[in-house]
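Below is one structure; the comments refer to it alone.
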Amino acid sequence: MKQLAGLLALIACHAAQADEVQVAVAANFTAPMQKIAAAFEQDTGHKAVLAFGATGKFYAQIVNGAPFEVLLAADDETPAKLEAEHRTVPGTRFTYATGKLALWSAKDGYVDGQGQVLKTGDYAHLAIANPKTAPYGAAAIGTLNKLGVHDRVQGKLVQGENIAQTHQFVSTGNAPLGFVALSQVYRDGRFTSGSGWIVPDNLHGPIRQDAVILAKGGANPAAKALAGYLKSSKAREIIRSYGYAL
């Protein structure tokens with residue numbers, strides 16, 4: 001009985017130390033963050049409750065009092081802005097990944113290795129994320145401008161609300177090709193399906209993705225633990241496997 005009581009006390013103590021943390025996650029980071037959250041819970045006992053969406057929309061929600069405690073943005077500007085507005089825990093902002101943009105089609109052989117299909121392809125629609133709210137959408141517009149094809153394709157652009165919806169447009173064939181996050185279509189050094197072109201970094205501004213503990217998470221040990229866990233070798237290995245740079 002004493003052993004049982006001791007075991008129950010140990011379990012109760014562990015449960016008391018485990019907390020939940022509400023996390024706003026940029027849509028491009030959905031797959032790796034789901035894996036990281038599972039490992040985080042297994043290793044620490046803390047549970048990360050994840051919401052996925054466009055960084056710009058998360059900013060508006062945070063300003064309007066949403067209960068998020070940690071933000072994993074698709075850019076570095078939004079966390080810096082929240083920090084300047086005193087909506088974060090000072091000194092907690094850091095870059096957790098650098099994103100890569102890809103031109104991708106669900107069809108094998110449709111997108112060539114240099115992205116020439118943008119200039120030569122006979123396609124009706126080109127999917128991009130909303131450049132006003134999604135940094136990957138802004139990077140797509142930057143790429144089109146740098147390549148000198150923006151005016152040529154402007155009438156073909158279809159916008160997803162975020163990068164997840166943009167990927168859906170292409171994966172379902174509603175758009176034959178589109179600019180997506182490499183992490184959505186790439187794993188362990190290769191495209192997981194279809195055909196794609198990894199857009200060179202010099203064709204758009206860097207997609208530095210910053211994380212920050214928000215003011216609502218200042219007293220939550222799980223928020224601090226998650227920020228630390230994102231810097232761990234286990235998390236970084238998962239992040240790299242989806243094509244991100246660190």
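What tally of residues in the stretch 64-76 results from selecting those that are surrounded by fewer than 16 Cβ atoms within 10 Å (Cβ to Cβ) and closer than 24 Å to Ala140 by Cβ?
Adding up the residues that qualify gives 0.
Looking at the stretch 135-164, which of its residues are among the aliphatic types (A, V, I, L, M) and open to solvent by less than 30 Å² (accessible area, probe 1.4 Å)?
To start, the set of residues in the stretch 135-164 that are among the aliphatic types (A, V, I, L, M) comprises 138-141, 144, 147, 149, 153, 157-158, 163-164.
Result: Ala139, Ala140, Leu144, Val149, Val153, Ile163.
Quick check on the stretch 209-245: of everything there that is open to solvent by 70 Å² or more (accessible area, probe 1.4 Å) and in a loop (DSSP other than H, G, I, E, B), which residue is nearest to Lys100 (Cα to Cα)?
Going through the stretch 209-245, the residues open to solvent by 70 Å² or more (accessible area, probe 1.4 Å) turn out to be 216, 219, 221, 224, 231, 233-234, 236-237, 240.
Filter once more, keeping what is in a loop (DSSP other than H, G, I, E, B): 219, 231.
Working: Ala219: 34, Lys231: 19 Å.
Looking at residues that are open to solvent by 70 Å² or more (accessible area, probe 1.4 Å) and in a loop (DSSP other than H, G, I, E, B), I get Lys231.
Taking the stated definitions as given, is Tyr96 open to solvent by 10 Å² or more (accessible area, probe 1.4 Å) and among the hydroxyl-bearing types (Ser, Thr, Tyr)? Spell out the reasoning first.
Working: open to solvent by 10 Å² or more (accessible area, probe 1.4 Å): no; among the hydroxyl-bearing types (Ser, Thr, Tyr): yes.
It is false that Tyr96 is open to solvent by 10 Å² or more (accessible area, probe 1.4 Å) and among the hydroxyl-bearing types (Ser, Thr, Tyr).
Can you name the condition, by its number, that Gly196 falls short on among (1) in contact with a helix residue (DSSP H, G or I) (Cβ under 7 Å, 6 or more places away or on another chain); (2) crowded, with 20+ Cβ neighbours inside 10 Å; (3) among the small types (Gly, Ala, Ser)?
(1)
Kindly indicate the residue of the stretch 179-193 that is modelled with pLDDT of 95 or more and not in a strand (DSSP E or B) and also farthest from Pro32 (Cα to Cα) among those meeting that condition.
Within the stretch 179-193, the match that is farthest from Pro32 (Cα to Cα) is Ser193.
Yes or no, residue by residue, for (1) within 27 Å of Ala102 (Cα to Cα); (2) open to solvent by 80 Å² or more (accessible area, probe 1.4 Å); (3) part of a strand (DSSP E or B); (4) modelled with pLDDT of 95 or more:
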position	(1), (2), (3), (4)
Val23	yes, no, yes, yes
Pro32	yes, no, no, yes
Gln42	no, yes, no, yes
Ile62	no, no, no, yes
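Taking Pro206 as meeting all but one of (1) free of Cβ contacts under 8 Å to residues at least 40 places away in the same chain; (2) open to solvent by 20 Å² or more (accessible area, probe 1.4 Å), write down the number of the exception.
(1)
Quickly run through the stretch 64-78 and pick out the residues that are of a type in the set (A, V, I, L, M) and at pLDDT 95 or above.
Once the filter is applied, which keeps residues that are of a type in the set (A, V, I, L, M) and at pLDDT 95 or above, the stretch 64-78 yields Ala66, Val70, Leu71, Leu72, Ala73.
Given (1) closer than 18 Å to Gly243 by Cα; (2) open to solvent by 30 Å² or more (accessible area, probe 1.4 Å); (3) not aliphatic (A, V, I, L, M), where does Phe179 come up short, assuming only one miss?
With respect to (1) closer than 18 Å to Gly243 by Cα; (2) open to solvent by 30 Å² or more (accessible area, probe 1.4 Å); (3) not aliphatic (A, V, I, L, M), Phe179 is out only on (2).
Taking the residues in the stretch 165-176 that are open to solvent by 60 Å² or more (accessible area, probe 1.4 Å) and more than 14 Å from the chain's Cα centre (by Cα) as candidates, determine which candidate is nearest to Ile207 (Cα to Cα).
Gln168
Suppose we filter the stretch 73-98 for residues that are out of contact with any helix residue (DSSP H, G or I) (no Cβ under 6 Å at 6 or more places or on another chain) and part of a strand (DSSP E or B); how many remain?
So the count comes out to 4.
The values are calculated or read from the model by the stated rules, or taken from the named source; none is laboratory data. What you see is a predicted model; the values in this text were computed from it and never measured. No Cβ is skipped: glycine too gets one built from the backbone with ideal geometry, and neighbour counts run over all protein chains shown. Calculation scope for accessible area: heavy atoms of the full protein, side chains included, ligands and nucleic acids excluded. Shrake-Rupley method; radii C 1.70, N 1.55, O 1.52, S 1.80 Å.
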